[in-house]
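The values are calculated or read from the model by the stated rules, or taken from the named source; none is laboratory data. Just so we're clear, the structure is a prediction, and the values are computed from it rather than from any experiment. No Cβ is skipped: glycine too gets one built from the backbone with ideal geometry, and neighbour counts run over all protein chains shown. Only protein heavy atoms, including side chains, enter the accessible area calculation; ligands, DNA and RNA are left aside. Shrake-Rupley method; radii C 1.70, N 1.55, O 1.52, S 1.80 Å.
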Amino acid sequence: MRALWPPVSRALRALRSRESVLRESRAGLCGEQTGAAPTFGLLFDIDGVLVRGKTPIPAARKAFQKLLDSKGEFVVPVVFVTNAGNCLRQTKADQLSQILGVPISQHQVMMSHSPLRIFKQYHNKCVLVSGQGPVLDIAKYLGFSNPITVDAVRESYPFLDMVDHSRRPTILPSTALDLPKIDAVILFGEPIRWETNLQLIIDVLLTGGHPANPHQPANYPHIPLLACNMDLMWMSEARSPRFGHGIFMVCLENIYKKITGKDLKYEALMGKPSVITYHYAEHLIRTQASTMGWGKPVQTLYAIGDNLMTDIYGANLYNRYLQENGSTKTSKALVQAASGAGVATVSQEVEPAWESELSFPSAARCLSVLVCTGIYNPHTEVPANASHSVTETVFHGHRDFRFDPALVEPGHVVQDVNAAVDLIFQLERYLPLGASHTA
């Protein structure tokens, strides 16, 4: 048998030692934390943790019954941090309520595109949005007043979309309906017709926002490009992972590079594992804690996920940020996410109204908990040549995130989300009054 990748082997040891951790901490359940207002919050991934495609994972309902009191209210702040971007927050909240059998508010849901509310400098500009689902409704909900879709560009300039022979126009229009200049491109998630979206987005980038004009590859850098959801793959009902938006981004990046010889540049990258996503999620946790009337600030975030390259990498990256920078950095520094931490630099400054809300994280740490019900397989082997572990064949993170073995090392490994909640309560020595607790 070939040697396991070091983070995987350490994760297996952690999984085997989970029962001893629970036994050691169970004795402290009647300690000072019991029934008192806790100082931690929970960040849940969805796909692979709570559901597989549209099929609920059985452990999910058990876990969430432990998070409610006798009145059906959450005993700790909970935020669902998903890289999905194909629906509105309320739609996702309704789906989660049905899956989990507990009432979920849209204020507990963070989509991959949620941080776009911060980028107000683009809200009044004409932006091209790519993805599927109600992308115009999503864009307007986020504050964009003048979004247009790839389909709208295609309808205005049908001769641009020529890959599918059956959709090629038989008669070219004598005059095209001019669209306003496109000032930025926003990638919400994977589209349905990849060839159409790839072609027209490249047209927009190479023409400075006038897709019917001739390409001008020398016009560099291109107009701003903002992307949400960098997941290379995700787990549904299939036995193997499926293509995610990260695959589409790989295609777009390589096409642009092949045509121009230059790297595609992102003005911002959102969704896990970006620092700004976790900082925004902490803002939602703090808001919930305040609504609950907690007198003490949230000190610890537990991020529960199934993907080493997004959930675990992102939680550990944010934990590193908290450890190294404390609460002294400004939101501008946070959004710029220093490249030394392995994140692509982005240049936006946060609007003053958001600056006051996002500048000062109260948490001292963000701890990662890996479950084995999704992408992560505890029995996966890696190439015998250890040098191969730093190549793209193993590191599935985005191009602009540097590989760091420490960032994909989970703090804890458990079988499922129910076991994760048990472990966290034990580690925090916390048993909420009026709630059932079974390990």
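Please go through segment 87-110 and pick out each residue that is open to solvent by 40 Å² or more (accessible area, probe 1.4 Å) and assigned to a loop (DSSP other than H, G, I, E, B). Working first, answer last.
As a first pass, look at segment 87-110 and keep what is open to solvent by 40 Å² or more (accessible area, probe 1.4 Å): 88, 90-91, 94-95, 98, 101, 103, 105-107.
Selection gives Leu88, Gly101, Pro103, Ser105.
For residues in segment 51-68 being of a type outside the set (Val, Ile, Thr) and part of a strand (DSSP E or B), which is least open to solvent (accessible area, probe 1.4 Å)? Give the steps one after another, and end with the answer.
Going residue by residue through segment 51-68, those that are of a type outside the set (Val, Ile, Thr) are 52-54, 56, 58-68.
Add one more test, that the residue is part of a strand (DSSP E or B), and what stays is 52, 56, 68.
Details: Arg52: 62, Pro56: 64, Leu68: 18 Å².
Restricting to residues being of a type outside the set (Val, Ile, Thr) and part of a strand (DSSP E or B), the top hit is Leu68.
Please go through segment 126-147 and give me each residue that is more than 20 Å from Lys92 (Cα to Cα) and open to solvent by 20 Å² or more (accessible area, probe 1.4 Å), ordered by number.
Residues satisfying the conditions are Ser145, Asn146.
Restricting attention to segment 368-378, and to residues there that are β-branched (Val, Ile, Thr) and modelled with pLDDT of 90 or more, which single residue is surrounded by the fewest Cβ atoms within 10 Å (Cβ to Cβ)? Lay out the reasoning, then the answer.
Step one: list which residues in segment 368-378 are β-branched (Val, Ile, Thr), which gives 369, 371, 373, 375.
Applying the additional criterion that residues be modelled with pLDDT of 90 or more yields 369, 371, 373.
Numbers: Val369: 28, Val371: 28, Thr373: 22.
Taking the candidates together, the pick is Thr373.
Of Lys71, Lys120, which residue is modelled with pLDDT under 95, under 21 Å from the mean Cα position of the chain (by Cα) and open to solvent by 10 Å² or more (accessible area, probe 1.4 Å)? Walk me through it before giving the result.
Numbers: Lys71 fails: under 21 Å from the mean Cα position of the chain (by Cα).
The conditions single out Lys120.
It is to be established whether one or more residues within segment 261-280 are within 17 Å of Ile46 (Cβ to Cβ), out of contact with any helix residue (DSSP H, G or I) (no Cβ under 9 Å at 6 or more places or on another chain) and among the polar types (S, T, N, Q).
Taking every residue of segment 261-280 in turn, none turns out to be within 17 Å of Ile46 (Cβ to Cβ), out of contact with any helix residue (DSSP H, G or I) (no Cβ under 9 Å at 6 or more places or on another chain) and among the polar types (S, T, N, Q).
Within the bounds of segment 155-176, is there any residue that is open to solvent by less than 10 Å² (accessible area, probe 1.4 Å) and within 20 Å of the chain's Cα centre (by Cα)?
No - not one qualifying residue is present in segment 155-176.
I'm trying to understand the selection: among the residues of segment 83-132, which are under 18 Å from Gln288 (Cα atoms) and among the polar types (S, T, N, Q)?
Gln90, Ser97, Ser105, Gln106, Gln108, Ser114
State all residues of segment 20-58 that are aliphatic (A, V, I, L, M) and at pLDDT below 50; if no residue qualifies, say none. Explain how you work it out, then say what you get.
Step one: list which residues in segment 20-58 are aliphatic (A, V, I, L, M), which gives 21-22, 27, 29, 36-37, 42-43, 46, 49-51, 57.
Val21, Leu22, Ala27, Leu29, listed by residue number.
Exactly one of (1) closer than 18 Å to Asn229 by Cα; (2) in a loop (DSSP other than H, G, I, E, B) is unmet by Pro169. Its number?
For Pro169, the exception is condition (1).
Results for (1) of a type outside the set (Lys, Arg); (2) touching a strand residue (DSSP E or B) at 6+ places or on another chain (Cβ under 9 Å); (3) modelled with pLDDT of 85 or more, shown as yes or no for each residue.
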residue: Thr380; (1), (2), (3): yes, no, no
residue: Pro383; (1), (2), (3): yes, no, no
residue: Glu392; (1), (2), (3): yes, no, no
residue: Pro405; (1), (2), (3): yes, no, yes
residue: Val413; (1), (2), (3): yes, yes, yes
residue: Asp416; (1), (2), (3): yes, yes, yes
residue: Asp422; (1), (2), (3): yes, yes, yes
residue: Tyr430; (1), (2), (3): yes, yes, yes
residue: Thr438; (1), (2), (3): yes, no, no
